[in-house]
Amino acid sequence: MERFEVRLGGSGGQGIIVAGIILAEAAGIQEGKQVCQTQSYGPEARGGASKAEVVISEEEIDYPKAIKPDIVVAMNQKACDAYCQDIKPGGLLLVDATLVKDLPTPRAIALPFTRIARQELGNEMVANIVALGALAKISGVLSLESLEKAVLARVPPGTADLNRRALAAGVAAAEEFLLGKSPQCVECEGQALLV
């Protein structure tokens, strides 16, 4: 792996920055890869634009920001519209089908991260961890064990079990997609597919 670039986008309050930090720590601390993590967000505490980028490489990283992301994770429609325009040719857009209805690229996977967090786990706040599980499974950029260790090292005390289940739910949703068994859902109108 020369250079693998991930961009995560959403709104303040969706845990985008935390997800970027966890991804960077999984790759850097747990797997010993070279990593750079950058972030930007609006002045609003909740609801403003939020973006995190993680560059992972076996070699020294000469530029810290994503130039042509290999994968973009968009947690809402605004982030999808704003952050996916420069995906690498052959790259992938992974979106939260609960909140993204218009896919601007034919290389997209839509999985209902927020619906899974709300209905299966009882807490929308872990949708970012669900997304990380799906990202790791689909991209193969790092091991699920490394990601779980990074998640558990970063989450608030008393939430380890919830976050472990959120990660597993994201992995399971990605596995169902990869096996062609993605469940239909009303919110995503069955869009859990690669178009």
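Every number in this text was worked out from the coordinates using simple rules, so none of it is lab data. Source: prediction; values computed, not measured. Here Cβ is always computed from backbone atoms with ideal geometry, including for glycine, and neighbour counts include all displayed protein chains.
Annotations for the structure displayed:
- Members of Lys78/Lys137; Lys33/Lys78; Lys88/Lys137 lying beyond 28 Å, as alpha-carbon distances in this model show: Lys33/Lys78
- For the chain, the dipole from Cβ point charges (+1 on Lys and Arg, -1 on Asp and Glu) about the Cα centre works out to 340 debye, to the nearest 20.
- Remark: the Cα gyration tensor places the range 67-144 in the oblate category, a/c being 1.5 or greater and a/b not exceeding b/c.
- Global geometry of the chain, whether rounded, prolate or oblate, following the gyration tensor of its Cα atoms and the 1.5 cut on a/c: rounded
- Relative contact order (%) - criterion: Cα under 8 Å, at least six apart; region: the range 4-178: 21
- Percent breakdown of C-alpha pair distances by 10 Å bin, ordered from the shortest bin, for the range 91-188: 16, 50, 28, 5, 0
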